[in-house]
1. I need the trypsin sites (Lys or Arg not before Pro) found in the range 1-47, filtered to DSSP loop residues with at most 14 other beta carbons within 10 Å of theirs.
2. Just flag the GluC sites (Glu not before Pro) in the range 15-50 sitting in loop per DSSP whose Cβ has no more than 11 other Cβ atoms within 10 Å.
3. Would you calculate the separation in nanometres between label points at GLU2 and MET55, each defined as 7 Å from the Cα along the Cα-to-beta-carbon direction?
4. Which chymotrypsin sites (Phe, Trp or Tyr not before Pro) from the range 1-40 combine a DSSP loop assignment with at most 12 other Cβ atoms within 10 Å?
Amino acid sequence: MERNWLICAQLGWICAKKPHITSEDMRVEIDQFLIKSKFTPLGQEEGDLQLLDEMIGELTMGSIGRGSNRADRRRNK
């Protein structure tokens, strides 16, 4: 479980610092961070694909929700 939290945190940090990074470059950075932290790289553990799918879904829904919420807030003022 610690590894999953570390992956999620690292993904958020990378997205915040490098918003235009490609998915392949992001994977390389996450793999390097995991190896440096003495964990296995992405794809080596059971559940990695599910974790990545869930993170993509959460990021997508967060992005979609953020846009509509902003518009709703402006209309309500």
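1. Values: sites: ARG3, LYS17, ARG27, LYS36, LYS38; in loops: LYS38.
Listed in order of number, the matching sites are LYS38.
2. Details: sites: GLU24, GLU29, GLU45, GLU46; in loops: GLU45, GLU46.
The qualifying sites are GLU46.
3. 1.8 nm
4. On the way: sites: TRP5, TRP13, PHE33, PHE39; in loops: PHE39.
Loop-located and lightly packed - none at all.
Quick note: the coordinates plus some simple rules give every number you see, no bench work behind them. These numbers were taken from a predicted model, which means no experiment stands behind them. Every residue, glycine among them, receives a Cβ derived from its backbone with ideal geometry; neighbour counts consider all protein chains shown.
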